[in-house]
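Here the structure is laid out as structure tokens; the discussion comes afterwards.
The values are calculated or read from the model by the stated rules, or taken from the named source; none is laboratory data. This structure is a prediction, so every number in the text was calculated from the model and none was measured. Cβ sites come from the backbone with ideal geometry, for glycine too, and all protein chains shown count toward neighbours.
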Amino acid sequence: MSQAKPPAPQPVRTAFGLMLGGTALAVLNGVITAASTSTLKSYYASHFSSYDQSQIDTLANTAVGSAIVGGLIGAALWLWMAFMIKGGRNWARITGTVFFGISSLSLLVSLALTTSSFGFHGSALAMVGGIVSWLLGLVTIILIYNKQSNAYFKPQNPYPGAYGMPQQQPGYPQQPGYPQQPGYPQQPGYPQQQGGYPPPQQPGYPQPPQQPGPGGYYPPQ
């Protein structure tokens with residue numbers, strides 16, 4: 001029987017709260033992006049003068065829709081990782097680290113586009129939200145990799161017995177067996193012949209008396 005998981009240490013509980021905050025922030029970023037649709041349309045109209053209004057609307061709506069879907073996916077990942085990490089799943093800690101690396105690259109690309117001459121400058125709130133989300137992820141990574149957290153994420157021994165061997169589980173009481181049936185009595189064997197082989201000669205039929213031969217002699221037997 002495996003041991004029960006001990007309660008999460010304080011750094012893991014703090015990281016759990018930060019990840020819940022990251023979940024809420026991801027949803028908020030989606031709402032901010034949706035609210036900046038008009039600003040996004042103005043941006044596209046100034047940079048794509050050859051596009052008509054329907055094309056501008058299509059570009060803006062696609063960008064906003066993608067941002068909202070991305071925000072919802074990010075919120076779901078934050079929430080999923082939060083509960084898995086709180087439960088002491090080491091694979092979740094590794095997966096969360098990979099997600100943080102991807103988020104760092106995404107933030108760098110967003111900052112590069114924003115500061116460029118072609119960048120979109122109307123979503124400053126969304127950019128601030130992205131930076132705050134990255135900082136939450138950074139603090140979370142630091143918390144789940146400290147000494148207390150490392151001991152919590154260490155795999156538990158499923159066999160707590162001595163030398164790591166499974167302890168013997170109490171079995172069911174042994175069922176009483178059927179009483180032994182009496183066997184057949186041994187048949188008496190034939191008495192062993194004495195003297196080994198060949199067996200002693202059995203008496204034959206009596207021979208008739210012999211008549212004396214010429215001269216009164218009996219023939220040899």
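Residues in segment 4-17: is at least one of a type in the set (Ser, Thr, Tyr) and free of Cβ contacts under 8 Å to residues at least 40 places away in the same chain? Within segment 4-17, none of the residues are of a type in the set (Ser, Thr, Tyr) and free of Cβ contacts under 8 Å to residues at least 40 places away in the same chain. Looking at segment 19-57 only, could you name the residues that are without any contact (Cβ under 8 Å) to a residue 60 or more places away in the chain and not in a helix (DSSP H, G or I)? 48, 49, 50, 51, 52, listed by residue number. Out of all the residues in segment 8-57, which are over 25 Å from residue 75 (Cα atoms), exposed (fewer than 12 other Cβ atoms within 10 Å of the Cβ) and in contact with a helix residue (DSSP H, G or I) (Cβ under 9 Å, 6 or more places away or on another chain)? If the condition is that a residue be over 25 Å from residue 75 (Cα atoms), exposed (fewer than 12 other Cβ atoms within 10 Å of the Cβ) and in contact with a helix residue (DSSP H, G or I) (Cβ under 9 Å, 6 or more places away or on another chain), then 53 is the only one that fits.
Consider segment 80-92 and keep the residues that are assigned to a helix (DSSP H, G or I) and under 14 Å from the mean Cα position of the chain (by Cα). The one that is farthest from residue 10 (Cα to Cα) is 91. Applying the condition of being assigned to a loop (DSSP other than H, G, I, E, B) and of a type in the set (A, V, I, L, M) to segment 1-18 and asking which residue is modelled with the lowest pLDDT yields 1. Within segment 85-98, being surrounded by fewer than 17 Cβ atoms within 10 Å (Cβ to Cβ) and of a type outside the set (Lys, Arg) holds for 87, 90, 91, 94, 95, 97, 98. Residues in segment 122-144 that are of a type in the set (Gly, Ala, Ser), in contact (Cβ under 8 Å) with a residue 24 or more places away in the chain and in a helix (DSSP H, G or I): 126, 129, 130, 133, 137. Looking only at residues in segment 106-150 that are of a type in the set (Gly, Ala, Ser) and either in contact with a Leu (Cβ under 8 Å, 6 or more places away or on another chain) or at pLDDT 90 or above (or both), the one that is farthest from residue 75 (Cα to Cα) is 119.
Every condition in (1) within 18 Å of the chain's Cα centre (by Cα); (2) at pLDDT below 95; (3) surrounded by 15 or more Cβ atoms within 10 Å (Cβ to Cβ) is met by residue 64 except one, and the failing one is (1). When residue 5 is tested against (1) of a type in the set (D, E, K, R); (2) crowded, with 18+ Cβ neighbours inside 10 Å; (3) within 27 Å of residue 155 (Cβ to Cβ), exactly one condition is not met: (2).
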